[in-house]
Amino acid sequence: MKKIVISVLLAFIIQTVSMAQCHEYIETIAESELEPYILDGNFVSPIVTEGETVTLTRTFLAGQSYKIAICGMEMFFKEITITEEKTVLFKNFGKDSEDKMVTTSDGTTFPLYGLNFFEFTPDHTMNLKIKVKITPFQGGGGLKLEGCLGILVGFQK
């Protein structure tokens, strides 16, 4: 029984240290990812594996300029979706998509590869759901990749 308790406690400590390191890593790169925007201080930075989905719901104020940046391990193929209720404002299928361009709901077209951010100024206060799904790596030999993911929100003064 003592060995089981020690094993569980050790696993908890290792997980806590890993999560803290992930948070520090994302916080360290936040400034460069959001530049020239300023991190609002609240962000999500979990350790994720393939197949997982991370969701952040936030309120964005009318007239304020924002940048939402998704950062972390580049080895992940990320499906990024930003929605207001059922309206899709932004969608990007990551590195393994056959589409070369992505079009936002306002008709703006961006190149697909390397686009992990969305800049906007809402004309009304809105609650947005930011969802990032880590799609499985093709040819991983049965191994599941694991790493840090950050969902950052910055604003302009």
_the stretch 30-54, subset surrounded by fewer than 16 Cβ atoms within 10 Å (Cβ to Cβ) and of a type in the set (V, I, T), residue farthest from the chain's Cα centre (by Cα)_ = I38
*Pairs with Cβ under 7 Å, 6+ apart, first in the stretch 116-128 and more than 29 Å from F77 (Cβ to Cβ), second at pLDDT 95 or above and aliphatic (A, V, I, L, M)*: D123/A62; H124/A62; T125/L61; T125/A62
*Only one of these is out of contact with any strand residue (DSSP E or B) (no Cβ under 6 Å at 6 or more places or on another chain) and modelled with pLDDT under 70: K100, K95. Name it.*
K100
*Pull up the stretch 20-69, narrow it to residues that are small (G, A, S) and touching a residue at least 12 places away in the same chain (Cβ under 8 Å), then point me to the one that is nearest to T135 (Cα to Cα).*
G51
*In the stretch 1-56, the residues that are farther than 20 Å from L145 by Cβ, in a helix (DSSP H, G or I), modelled with pLDDT of 60 or more and not hydrophobic (A, V, I, L, M, F, W, C)*: E24, E27, T28, E31, S32, E33
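Matching residues to (1) closer than 19 Å to T121 by Cα; (2) of a type in the set (D, E, K, R):
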site	(1), (2)
D40	yes, yes
E52	no, yes
E79	no, yes
E84	yes, yes
T87	yes, no
*Which one is farthest from F118 (Cα to Cα) among residues in the stretch 62-74 that are surrounded by 12 or more Cβ atoms within 10 Å (Cβ to Cβ) and hydrophobic (A, V, I, L, M, F, W, C)?*
M73
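The values are calculated or read from the model by the stated rules, or taken from the named source; none is laboratory data. In this text the structure is predicted, and so the values were computed from the model without any measurement. Positions of Cβ are generated from backbone atoms using ideal geometry, with glycine treated the same way; all protein chains shown enter the neighbour counts.
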